[in-house]
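Just below is one structure, and these are the notes that go with it.
The values are calculated or read from the model by the stated rules, or taken from the named source; none is laboratory data. All figures in this text were calculated on a predicted structure; none of them were measured in a lab. FYI the Cβ positions are ideal-geometry reconstructions off the backbone, even for glycines, and counts take in every protein chain you see.
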Amino acid sequence: MRALRSVFATVVFCLVLPGLAAAADRDRLEAFLEVTGFDVALESIRLSASSAPQMLGMEAEDFGSEWARLTDEVFDVGQMHDMALDILEETLSDDLLTHAVEFYASDLGRRLVVAENASHLSEEDELKAESGEAIVAGLERLDSPRLDYLKRMNAASDSAGTGLRAIQEVQVRFLMAAAGAGVIGLEMDEADLRAFLGRNEEALRADLEQGALTGAAYTYQSFSDADVLAYAEALEHQDMRQVYDLMNAVQYEIMANRFEALARAMQGLQPSQEL
């Protein structure tokens, strides 16, 4: 487990190497979280707790009325906020912070953050997926260049390509912690579990990319093609790529940390069962 936990820490460490400008101070980091919308993205991690029972082959109802209380406690927004600040204080350079803030403080940047915040906190996943699919289908019929802009945006915002790997790491850490806490009986060792979750990786990656495309189509539907292109170009800037690679690593590390804590806390809610 020690090696597994170090994966995200290693990613964060490698993103900010010695020689970059000094890390930003905490007050500026607070402003950075708000103006970029990263504070709301962190808050939305709490919504991901709904997937925990499915990973165990169960439903939230199987854990009784205490489930909502438990997830609110484990995914405490203030605690996740402080965790992000602690990591970013050591890793995000002042120069990179300034670059990101200058874009998101612009008129286009402010409008984008409003749309992104609303999408992050929406729990209507089915509506978003259906609407996004319809928008993408319409753009395909029109052979619209907007599709390419959206794909460029998504590629630039995860230039390190860590999305699929990170999701798998969250799953492994959660399941191993659940097994360690006696919540489940896990007959696989860590290596076998990682191999099991890595099956059909290319198909899973394609599904993630398609989901990201429909999600972007839904989120930015009110923006003009020129706005979407401008956003794609802003995200493709080398400094912004570094900012997003770091924010992604921080977000996934916090998610994995909280899922591990959730697994341990579930011990008192549900008797052991075989997986």
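Number of residues in the stretch 191-230 that are outside any helix (DSSP H, G or I), closer than 23 Å to residue 130 by Cβ and modelled with pLDDT under 90: the value is 0.
Taking the listed residues 101, 114, the one that is under 22 Å from residue 214 (Cα atoms) and either in a helix (DSSP H, G or I) or not polar (S, T, N, Q) (or both) is 114, with no other qualifying.
Checking residue 239 against (1) closer than 27 Å to residue 71 by Cβ; (2) in a helix (DSSP H, G or I), only one condition comes out false. Which one? Among (1) closer than 27 Å to residue 71 by Cβ; (2) in a helix (DSSP H, G or I), residue 239 violates only (1). A count restricted to the stretch 191-222 and to residues that are among the hydroxyl-bearing types (Ser, Thr, Tyr) and exposed (fewer than 14 other Cβ atoms within 10 Å of the Cβ) stands at 1.
One residue stands out in the stretch 107-130 among those that are farther than 18 Å from residue 225 by Cα and surrounded by 14 or more Cβ atoms within 10 Å (Cβ to Cβ): the one that is modelled with the highest pLDDT, namely 117. Within the stretch 1-60, being basic (Lys, Arg), more than 19 Å from residue 266 (Cα to Cα) and modelled with pLDDT of 75 or more holds for 26, 28.
For the stretch 76-94, taking the residues that are under 30 Å from residue 239 (Cβ atoms) and free of Cβ contacts under 8 Å to residues at least 24 places away in the same chain, the one that is surrounded by the most Cβ atoms within 10 Å (Cβ to Cβ) is identified as 79.
Name the pairs whose Cβ atoms lie under 6 Å apart, with the first residue in the stretch 153-164 and of a type in the set (A, V, I, L, M, F, W, C), the second in a loop (DSSP other than H, G, I, E, B) and at pLDDT 85 or above, and 6 or more positions between them or separate chains? Correct list of pairs: 156/236.
Among the residues examined, residue 73 qualifies as in contact (Cβ under 8 Å) with a residue 60 or more places away in the chain, loosely packed, with under 15 Cβ neighbours inside 10 Å and in a helix (DSSP H, G or I).
Based on what the data block shows, is residue 173 assigned to a helix (DSSP H, G or I) and over 25 Å from residue 234 (Cα atoms)? Yes; evaluated as a whole, the condition is true for this residue.
Would you tally the residues in the stretch 131-164 being charged (D, E, K, R) and surrounded by 15 or more Cβ atoms within 10 Å (Cβ to Cβ)? Show your work before the answer.
The first filter runs over the stretch 131-164 and keeps only residues charged (D, E, K, R), leaving 133, 140-141, 143, 146, 148, 151-152, 158.
Still in the list and also surrounded by 15 or more Cβ atoms within 10 Å (Cβ to Cβ): 133, 146, 151-152, 158.
Residues meeting the conditions: 5.
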